[in-house]
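K.L.:
Once you've had a glance at the structure underneath, I'll fire off some questions.
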Amino acid sequence: MVSCRLAIASVLVLITSCAGQKIDASPGLIRATLDSSHVSGSISYWSPEPCPALYMPYAQLPEVRSARHSGSPSTVLHEMFAGDSKMRVTQEPGGVIRMSETAVPTDLLDVQIHHIEFSNYEHPKDVLPGPNMAVLKILNAPEVQDFKKSHKIGGFGGGLGRLPGALEYPYERHVFGELDDVTVSQALDYVLHIFPGFWVYGNCIGKEGDREVFIHFFEKAP
């Protein structure tokens, strides 16, 4: 029986699985560009491929290529996404880079959470406090789950199967504190303050034609 697993390399985050599956080098290239400028970011997109199998942590990112020219991180990323006519790259006053395709629904990101407490895990002895555990906490908020059900959105919040590294790699830091009346995107940005890198908000179409959403963190390289 062929087993499937995640392998994380030092430079590129490569997603591998069973024989014949395409390798996704996009996360590593994006992360390296952000790391070189000491900034964090986010990417919102429609997956160029159907929704992935259950063991995959996120929907396929748009393909990027290595930039030939230097410049600001937004300029370099714009060149890297040259093959994606829908991608827009902007840098906010605080330095955060936003990569977002046009026509991507932000409804889930705009859901407001009344209260969230990151330090209050249900099973603290069994939980390693990485950034994707914080994502799980955000997505399991009652407001988010209610929105998911009412809008028939699948693909997240159901367990740890889509959180690579959550149970494999120890963390000395953890996401702590409480937030009141914040949107999902604001809560994700809060996590970036503790674990610099970028978060992905991927949308894809499932086998039944339904929409699925994937949110995942890629940390700054150690």
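The values are calculated or read from the model by the stated rules, or taken from the named source; none is laboratory data. The shown structure was predicted, so the numbers you read here are calculated from the model rather than taken from an experiment. Backbone-built Cβ (ideal geometry, glycine too); neighbour counts: all protein chains shown.
K.L.:
For the stretch 185-222, name all the residues that are surrounded by fewer than 23 Cβ atoms within 10 Å (Cβ to Cβ) and among the hydroxyl-bearing types (Ser, Thr, Tyr).
P.N.:
185, 190
K.L.:
All but one of (1) over 23 Å from residue 221 (Cα atoms); (2) exposed (fewer than 14 other Cβ atoms within 10 Å of the Cβ); (3) touching a Leu at 6+ places or on another chain (Cβ under 8 Å) hold for residue 114, so report the exception by its number.
P.N.:
Against the list (1) over 23 Å from residue 221 (Cα atoms); (2) exposed (fewer than 14 other Cβ atoms within 10 Å of the Cβ); (3) touching a Leu at 6+ places or on another chain (Cβ under 8 Å), residue 114 comes up short only on (3).
K.L.:
Let me ask something else about it. Which residues, taken from the stretch 40-56, are crowded, with 21+ Cβ neighbours inside 10 Å and not in a strand (DSSP E or B)?
P.N.:
40, 51, 52, listed by residue number.
K.L.:
Got at least one residue in the stretch 90-106 being at pLDDT below 90 and among the polar types (S, T, N, Q)?
P.N.:
There is no residue in the stretch 90-106 that is at pLDDT below 90 and among the polar types (S, T, N, Q).
K.L.:
Taking the stretch 84-110 as the search range and keeping residues that are outside any strand (DSSP E or B) and among the hydroxyl-bearing types (Ser, Thr, Tyr), which one is surrounded by the most Cβ atoms within 10 Å (Cβ to Cβ)?
P.N.:
Looking at the filtered set, the residue picked out is 106.
K.L.:
If residue 113 satisfies every condition in (1) hydrophobic (A, V, I, L, M, F, W, C); (2) in a loop (DSSP other than H, G, I, E, B); (3) modelled with pLDDT of 85 or more but one, which is the exception?
P.N.:
(2)
The rows are residues; the columns are (1) closer than 30 Å to residue 150 by Cα; (2) not charged (D, E, K, R).
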residue: 68; (1), (2): no, no
residue: 71; (1), (2): no, yes
residue: 81; (1), (2): no, yes
residue: 90; (1), (2): no, yes
residue: 106; (1), (2): yes, yes
residue: 111; (1), (2): yes, yes
residue: 115; (1), (2): yes, yes
